[in-house]
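Okay, structure first, notes after.
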Amino acid sequence: MEWRSYVAVGDSFTEGMDDPYPDGGIYRGWADLVATRLAAEAGPDFQYANLAIRGRRFDGVVAEQVPAALEMRPDLISFAAGGNDILRRNVDLPDLVNRFDKVIGKLRDAGADVIVFRFSDAWVTRLPGQRITLPRGSALNRVVEETAAARGATLVNLNEDADFHNPRMWSIDRLHLSAIGHQRVAAHVLTALGVGCDEEWLLVPPRPEPTPWLAARAADLRWAGRYLAPWIKRRLTGRSSGDGIAPKRPQLAPVE
């Protein structure tokens, strides 16, 4: 199938952190790569919008981005949200699970093809507190799979790809994908859509050599000071990394 328009909604995963364009300014990420490939298939009339903003929780994505996406009436929508919720202490997981199906149903009822994601467990197991967050992530992933089957959405199952356990797929902050990781997600999305991709996006670099225990603990301390502590401070002060951030592509426009 040839799509003429695509809108991406979600959080930092879809915004493209941590895959900056070479000239800086904004992030690229898997969604931009997918849009570029779809535009090559569809021609110059293809249009793309990316409404995703880092730090957004499920409610924010649904309240702010979903109505805007529906108003554009695109052929294709990607929806990825809930990851920031399962990291919070006070998440209402049953409510989140129940609402996911309704949101995807709303997107499908509008006539759009919809992409959803079953995330890799590697994402959660790289972070502290996995004893709590891994079961939450598993519950969310189960409803994603069930909803995709029930609603006729396209499921991109990243957990089937063991290469996401390669540390090189991840940014230094241990939370976001690296440029290589985003390329691999784009390859999986295009494959699920039945569209070919750049074979280089599937190349996986060798895993790094194991770090000696003492050096690894020193790296953990540096990571905690640079990334974990600011994250905790934002939680305590009610702030988000996405405060003051606008969508990088707020309207449908041709892909350059």
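The values are calculated or read from the model by the stated rules, or taken from the named source; none is laboratory data. None of these values were measured; they are calculated from a predicted model. Here the Cβ positions follow ideal geometry from the backbone for every residue, glycine too, while neighbour counts run over all protein chains shown. Keep in mind that these areas ignore ligands, DNA and RNA; they rest on the heavy atoms of the full protein, side chains included. Shrake-Rupley method; radii C 1.70, N 1.55, O 1.52, S 1.80 Å.
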Out of segment 208-252, which residues are of a type in the set (A, V, I, L, M, F, W, C) and either under 25 Å from the mean Cα position of the chain (by Cα) or at positive phi (or both)? W223, A224, L228, A229, W231, I232, L236, I245, A246, L252
Is segment 192-205 home to any residue that is in contact (Cβ under 8 Å) with a residue 40 or more places away in the chain, in contact with a strand residue (DSSP E or B) (Cβ under 8 Å, 6 or more places away or on another chain) and at negative phi? yes
Within segment 149-157, is there a residue that is crowded, with 20+ Cβ neighbours inside 10 Å and at pLDDT 95 or above? yes
How do the helices (runs of 4 or more DSSP H) wholly within segment 166-256 filter down when requiring 3 or more residues that are over 27 Å from A153 (Cβ atoms) and open to solvent by less than 50 Å² (accessible area, probe 1.4 Å): which remain? 213-223
Candidate set from segment 41-59 (those that are in contact (Cβ under 8 Å) with a residue 60 or more places away in the chain and open to solvent by less than 40 Å² (accessible area, probe 1.4 Å)); member that is farthest from the chain's Cα centre (by Cα): F46
Give all pairs with beta carbons closer than 8 Å in which a residue from segment 1-30 that is in a loop (DSSP other than H, G, I, E, B) meets a residue that is of a type in the set (D, E) and open to solvent by 20 Å² or more (accessible area, probe 1.4 Å); count only pairs at least 6 apart in sequence or on separate chains. M1/D113; E2/E41; W3/D75; W3/D113; R4/D45; R4/D75
Could you check segment 84-126 and list, in sequence order, the residues that are assigned to a loop (DSSP other than H, G, I, E, B) and open to solvent by 40 Å² or more (accessible area, probe 1.4 Å)? R89, N90, D92, A110, G111, F119, R126
All but one of (1) surrounded by fewer than 24 Cβ atoms within 10 Å (Cβ to Cβ); (2) modelled with pLDDT of 95 or more; (3) not aliphatic (A, V, I, L, M) hold for Q65; state the number of the condition that does not hold. (1)
